[in-house]
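For reference, the structure discussed in these notes is given below.
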Amino acid sequence: MDEVIQVTQWLSSITPRKKAKLFFFTTHADAPSPMVGSNDVDTHEETQLPLATTVALHNFKNIDEFLKKKVNTSSCYNVIENEITKTDYEYLRFYSACKYLDVVPPFLDLEKISAIQNKFEMTDEERDYRLLLDSADLVLEKVCDSLKPAGVSQMWTALRKDRNLIRGVKTIDIIGFFVDPNPTGIKECLFFFIVRFLQKAGKINRVNTNRLERLIAQCDESSSCEEGKTIDFIIDSLRFYPTELYPFGFCLIMCVIEGRDGAMQEIEKTMEISRHLGMITHTEKNPTKETIELVKKELMKPKYQFYSSFTCWFMSHGDSNSMVLADGETIEREWFLTSFPDISTFQLKPKVFFMVSCRGANKFSLKGDEFEGQSATCDYYDIGSALIRNRMLDITDSVRDISYVQPMMDTLVAYSTILDHLSGRANTHGSIYVDRACVLMSENISRGRSLTEILEHLSQDLHEILQETMDEDRIVYKQACHYDSFFRKTLKLPYTRHPKEDVHSAPQ
């Protein structure tokens, strides 16, 4: 069959709502740059004009033309070995969006997908199409689905009133002031236009969504929300880090085994909970400084920008300032913690570090006969599974900026113990902190709990456990853990486990 006919038939089979979403997912606002084959041409017209004309004319002609062009580009594209180009990203993005919306063109060359994935050095686990979807866009899709056409229209009216923001923007004038968003797919086009406009204007990104939240807050709840949804519910959904679908993130496990009883148990537990949470995991046993540098270099590869979060477990001996590596050398804990968050592939994404090591020799000792012989480090330990606002300082948009970000932002560091104190271990099961953390995370999947809620529960749980030193003094003591957070949003555990789906992967 002629390819033009195939494309026409494919487009006619897609609903207007799905066309709007496909356009949105395909024109991702944070496309990687610079790269081979890219240029500095402003893509404002490409990403916003088709949406604007569709809303103004109630006609999907320009979006259809865009999608036709996307298919033709994909069809004519020859994959260049070793060199990652802008078209590679676009091809993967288009394929994953089609797969997610269940509108994959029957004539799309999936062998090219596999060839591009080879260039990114993707493992079998990483070839799941869901990794290629942008979680922030998926959250925005859900926000759109929660709003009625009237709600999006009210957002548009509120945006049009901000004359400083919209002055001189031609696509704004194309749509006009009053909009009828009721025809199928027009609500989606208008909402996605608002989102992409705010992103291009530097007002929102995957972390900073205050400007969009303020537009939604001006909507009338009775007429703007779909059944079962509220304005508060919709705004709250924007206040979590976007970690939709599989995988939940990338997990790096570093564990020094030499001289640490139960270290293999620590690795098994952290691997199990990370996979249970839907993370793709990599383990480094007995790391050295050279290992750490190689891992940092690996994490800078382009494929890691597809991940939604980064988690690192580092388990070793240590003191107040440093950690002991497998070869006996030490590294400064501060150096380790400040070098990873600055990796560009994980900027604006949550980064969690579990630092499991002693930070000194002090202990919170318990005196008295009643504590003798009671300790979790013994093998008896059982492993369990508006008026006020008006009086406040008025912070205007002119003094807000989301472009420059301190490297440590969006990072959380969880310590197994407080400064200058021991971090306890069970004789055969390794770190008690690791065990309790894994148990509590496992128990709280599907409960909608945030990571910080679980860490607070962990602090309570761990501090109830009596531990005993393994030297001849056999001192009974308690351990206190804590965390330092630079988070700007809440990181929730997934409601359900999202295992890899082989049926959705491109052919190998």
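The values are calculated or read from the model by the stated rules, or taken from the named source; none is laboratory data. These numbers were taken from a predicted model, which means no experiment stands behind them. Ideal geometry is used to build each Cβ from the backbone, glycine not excepted, and the neighbour counts take in all protein chains shown. These accessible areas exclude ligands, DNA and RNA; they are computed on the full protein's heavy atoms, side chains included. Shrake-Rupley method; radii C 1.70, N 1.55, O 1.52, S 1.80 Å.
Numbers for the structure displayed
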| read-out | value |
| --- | --- |
| Label zone at GLU227, where the point sits 7 Å out along the Cα-to-Cβ direction: the range 139-179 residues whose backbone N lies under 16 Å | 146-149 |
| For ILE14, solvent-accessible area (1.4 Å; no DNA, RNA or ligand), Å² | 10 |
| Inter-probe distance in nm under a simple model that places probes 7 Å from Cα toward Cβ, at THR490 and ASP109 | 4.7 |
| Distance cut-off 14 Å, percentage of C-alpha pairs in the range 207-250 lying past it | 55 |
| Which of ARG160, ARG167, ARG260, ARG17 is most accessible, then next, and so on - probe 1.4 Å | ARG167, ARG17, ARG160, ARG260 |
| Whole-number accessible area per residue in Å² for the chain, which is evaluated in the context of all protein chains at 1.4 Å | 46 |
| Carbon plus sulfur fraction of accessible area for the range 160-239, probe 1.4 Å, in percent | 45 |
| Burial order of peptide ranges 277-285, 401-409 (average beta-carbon count within 10 Å, highest first) | 277-285, 401-409 |
| Area accessible to solvent at GLU334, 1.4 Å probe radius, in Å² | 120 |
| Principal axis dimensions, the chain - Cα atoms, whole angstrom, descending | 83, 61, 37 |
| Accessible surface ranking that places the most exposed of MET264, MET254 first, with a 1.4 angstrom probe | MET264, MET254 |
| For HIS429, solvent-accessible area (1.4 Å; no DNA, RNA or ligand), Å² | 50 |
| Per DSSP, loop GluC sites (Glu not before Pro) in the range 442-487 with at most 15 further Cβ within 10 Å | GLU472 |
| Most to least accessible of CYS76, CYS255 (protein chains only, probe 1.4 Å) | CYS76, CYS255 |
| The range 127-165 and the range 225-256: distance between their alpha carbon centers, rounded to Å | 15 |
| Helix-only mean residue ellipticity at 222 nm for the chain, each DSSP H run of n ≥ 4 adding -39500 (n - 2.57), per residue, nearest 500 | -12000 deg cm²/dmol |
| Residue-span extension gain [VAL169 to THR283] - 0.36 nm each, minus C-alpha spacing | 36.0 nm |
| Debye log10 I(q)/I(0) at q = 0.18 Å⁻¹ for the range 218-339, Cα point scatterers | -0.99 |
| Ordering of 221-227, 343-349 by burial proxy (mean other Cβ atoms within 10 Å per residue, highest first) | 343-349, 221-227 |
